[in-house]
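Reviewing the structure listed below.
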Amino acid sequence: ILNVEQSPQSLHVQEGDSTNFTCSFPSSNFYALHWYRWETAKSPEALFVMTLNGDEKKKGRISATLNTKEGYSYLYIKGSQPEDSATYLCAPYAGNNRKLIWGLGTSLAVNP
Amino acid sequence: EAGVTQFPSHSVIEKGQTVTLRCDPISGHDNLYWYRRVMGKEIKFLLHFVKESKQDESGMPNNRFLAERTGGTYSTLKVQPAELEDSGVYFCASSQGPGRKQYFGPGTRLTVT
């Protein structure tokens with residue numbers, strides 16, 4: 001059984017602040033790490049899929065890094081905007097059956 | 001390109017009744033997944049289809065749940081008979097390949113009273 005830990009559980013920042021979240025996961029049987037953004041009343045939307053140790057991905061003001069050897073990934077948001085308010089979920093694609101194992105997410109609220 | 005669609009968006013049923021949820025994946029996506037999220041808890045994997053075959057159904061809670069994907073297009077998830085603990089949001093997602101980015105539907109909120 002894989003345990004995915006995300007921290008912090010929730011975060012409140014001011015518009016313009018930069019922030020980062022952590023996702024930690026067991027490094028065994030690892031194939032890929034997914035990050036999703038989940039806005040209230042909508043469905044999860046994929047941000048990144050990363051596979052290689054040292055991978056870095058960027059999409060606008062959002063970027064992510066991956067360390068598969070130690071089992072963690074960071075998500076960074078530069079200059080947070082109110083529209084960034086959402087829950088950010090990470091999910092390693094892992095295990096003998098190779099499926100997404102979801103964390104509880106980090107809930108971000110950006111105050112204007 | 002149409003996204004993943006799910007029907008119904010909401011369903012309220014009584015304990016012991018039957019409910020069937022439907023998912024239409026993105027056209028051409030062979031991989032289809034069902035997930036469930038109970039409030040306050042993490043998203044839980046239920047099962048994975050590749051075309052019409054069940055690749056992995058290890059997350060199905062018990063034999064009250066039956067998923068089908070006849071013809072490898074849309075999928076249905078039937079709960080019979082429903083129990084109170086089955087309440088939650090059922091998401092369907094599809095992808096071009098295993099491990100690839102998954103596209104989620106809007107979910108079906110199931111309430112069992």
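Mind checking which residues of the range B:1-32 are assigned to a strand (DSSP E or B), free of Cβ contacts under 8 Å to residues at least 60 places away in the same chain and open to solvent by 80 Å² or more (accessible area, probe 1.4 Å)?
Correct list: B:ARG22 only.
For A:ASN53, state whether it is within 12 Å of chain B (Cβ to nearest Cβ), surrounded by fewer than 17 Cβ atoms within 10 Å (Cβ to Cβ) and over 10 Å from the mean Cα position of the chain (by Cα).
So A:ASN53 fails the test.
A:ALA109 fails exactly one of the following numbered conditions: (1) away from every other protein chain (no Cβ under 13 Å); (2) surrounded by 17 or more Cβ atoms within 10 Å (Cβ to Cβ); (3) touching a residue at least 60 places away in the same chain (Cβ under 8 Å). What is the number of that condition?
Of (1) away from every other protein chain (no Cβ under 13 Å); (2) surrounded by 17 or more Cβ atoms within 10 Å (Cβ to Cβ); (3) touching a residue at least 60 places away in the same chain (Cβ under 8 Å), only one is false for A:ALA109: (2).
What number of residues within the range B:88-99 are part of a loop (DSSP other than H, G, I, E, B) and at the interface with chain A (Cβ under 7 Å from one of its Cβ atoms)? Give the derivation first.
Quick first cut of the range B:88-99, residues part of a loop (DSSP other than H, G, I, E, B) only: B:96-99.
With the extra rule that they be at the interface with chain A (Cβ under 7 Å from one of its Cβ atoms), the set shrinks to B:98-99.
Qualifying residue count, the range B:88-99: 2.
Could you check the range A:38-49 and list, in sequence order, the residues that are within 11 Å of chain B (Cβ to nearest Cβ) and either among the hydroxyl-bearing types (Ser, Thr, Tyr) or in a strand (DSSP E or B) (or both)?
A:TRP38, A:SER43, A:GLU45, A:ALA46, A:LEU47, A:PHE48, A:VAL49
Taking the range A:1-36 only, how many residues are touching a Pro at 6+ places or on another chain (Cβ under 7 Å), buried (at least 16 other Cβ atoms within 10 Å of the Cβ) and not hydrophobic (A, V, I, L, M, F, W, C)?
Total satisfying the criteria: 1.
Quick check on the range A:71-91. Is at least one of its residues surrounded by fewer than 20 Cβ atoms within 10 Å (Cβ to Cβ), without any contact (Cβ under 8 Å) to a residue 40 or more places away in the chain and in a loop (DSSP other than H, G, I, E, B)?
Among the residues of the range A:71-91, not one is surrounded by fewer than 20 Cβ atoms within 10 Å (Cβ to Cβ), without any contact (Cβ under 8 Å) to a residue 40 or more places away in the chain and in a loop (DSSP other than H, G, I, E, B), which makes the answer no.
Inside the range B:47-65, can you point out the residues that are assigned to a strand (DSSP E or B) and facing chain A (nearest Cβ under 10 Å)? Break it down stepwise before answering.
From the range B:47-65, those assigned to a strand (DSSP E or B) are B:47-50, B:53-56, B:65; that's our starting set.
Within the range B:47-65, B:LEU47, B:HIS48, B:GLN55, B:ASP56 meet the criteria.
Going through B:GLY71, B:GLY40 one at a time, which residue ends up being open to solvent by 50 Å² or more (accessible area, probe 1.4 Å), outside any loop (DSSP other than H, G, I, E, B) and small (Gly, Ala, Ser)?
Being open to solvent by 50 Å² or more (accessible area, probe 1.4 Å), outside any loop (DSSP other than H, G, I, E, B) and small (Gly, Ala, Ser) holds for just one of B:GLY71, B:GLY40, which is B:GLY71.
The values are calculated or read from the model by the stated rules, or taken from the named source; none is laboratory data. Remember, it's a predicted structure, so these values are computed and weren't measured experimentally. Here Cβ is always computed from backbone atoms with ideal geometry, including for glycine, and neighbour counts include all displayed protein chains. Surface areas here come from the heavy atoms of the whole protein model, side chains and all, with no ligands, DNA or RNA. Shrake-Rupley method; radii C 1.70, N 1.55, O 1.52, S 1.80 Å.
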